[in-house]
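Q: The structure that follows is given in the form of structure tokens.
All of the numbers you see were taken from the coordinates with simple rules; none came from a lab. The structure displayed is predicted, hence computed values, not measured ones. Here the Cβ is made from the backbone with ideal geometry for all residues, glycine too, and neighbour counts use every protein chain on show.
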């Protein structure tokens, strides 16, 4: 019996802690971007994406976010821009159908401010990205609003005549607004 209790104790001690799992409410969440195009903001959203989020403010060591974005779901109020953006000189959506962001290192700032360090893979190119966000948790509901900046040419978005910083700026602001419920 002592051996059994000892084995259970060792097993439990070896089992890693897990952060709380959150289910995204996609109907009340948004993932998109803004870039300066001819000195005017061009804003678009991704209509289809999935996120697996494990996060507990008291246990940031085990926090993780894994987001997969359907690139062809990009949409704006400018359908002509969308088709060009999804084409070969932009996202090349037929060849690279998804973008993938994984964050495994989180740090709390002041109050409800956090940063997540992760890797964004777009067009088979992976680069580190820092996401700054605020998080409000009320019982089992969370609301997160965040921003990350990426350089589009680092990922081969904008080739040929579109490689220059005009008319489309190199800096792209990724905007995230997520509502989620805890399991």
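Q: List 155, 26 from most exposed to least, where exposure is judged by having the fewest other Cβ atoms within 10 Å.
A: On the way: 155 20, 26 16.
Listed from fewest to most nearby Cβ atoms, that is 26, 155.
Q: While we're looking at this one, here's another question. Which one, 86, 95, 108, has the greatest fluctuation when you compute a Gaussian network model over the chain with C-alpha springs under 10 angstrom?
A: Checking each option, the largest mean-square fluctuation is seen for 95.
Q: Note down the Stokes-Einstein diffusion coefficient of the chain in µm²/s, whole number, using a Kirkwood radius over alpha carbon pairs, 4 °C, and 1.567 mPa s.
A: On the way: Rh = 18.0 Å.
Taking Rh from Cα pairs, D becomes 72 µm²/s.
Q: Have a look at 50, 140, 123 and tell me which one the Gaussian network model of the chain (Cα, springs below 10 Å) gives the largest fluctuation.
A: The residue with the greatest mean-square fluctuation here is 140.
Q: Taking the alpha-carbon centroid of each part, what is the distance from segment 43-96 to segment 100-117 in angstrom?
A: 18 Å
Q: Something else about it: Return, for the Cα atoms of segment 89-183, the radius of gyration and Dmax in Å, separated by a comma.
A: Every Cα atom of segment 89-183 included, Rg and Dmax give 15.8, 51 Å.
Q: For the chain, modelled as a Gaussian network with Cα springs under 10 Å, which listed residue fluctuates most, 75, 88, 27?
A: Ranking 75, 88, 27 by mean-square fluctuation puts 27 first.
Q: Let me ask another. Can you put 89, 74, 40 in order of Cβ neighbours within 10 angstrom, beginning with the fewest? Kindly include the intermediate steps, with their values, before the conclusion.
A: Numbers: 89 16, 74 22, 40 8.
Going from least to most buried by this count: 40, 89, 74.
Q: Over the chain, what is the relative contact order in percent, taking alpha-carbon pairs closer than 8 angstrom and at least six residues apart? Before the final figure, lay out each step's value.
A: On the way: 393 pairs, mean separation 43.6, N = 183.
Rounded, it is 24 percent for the chain.
Q: Let me ask another. Measure nothing but the geometry: give the 0 to 90° angle between the long axis through the Cα atoms of 2-14 and the longest principal axis through the Cα atoms of the chain, rounded to 10°.
A: 20 degrees
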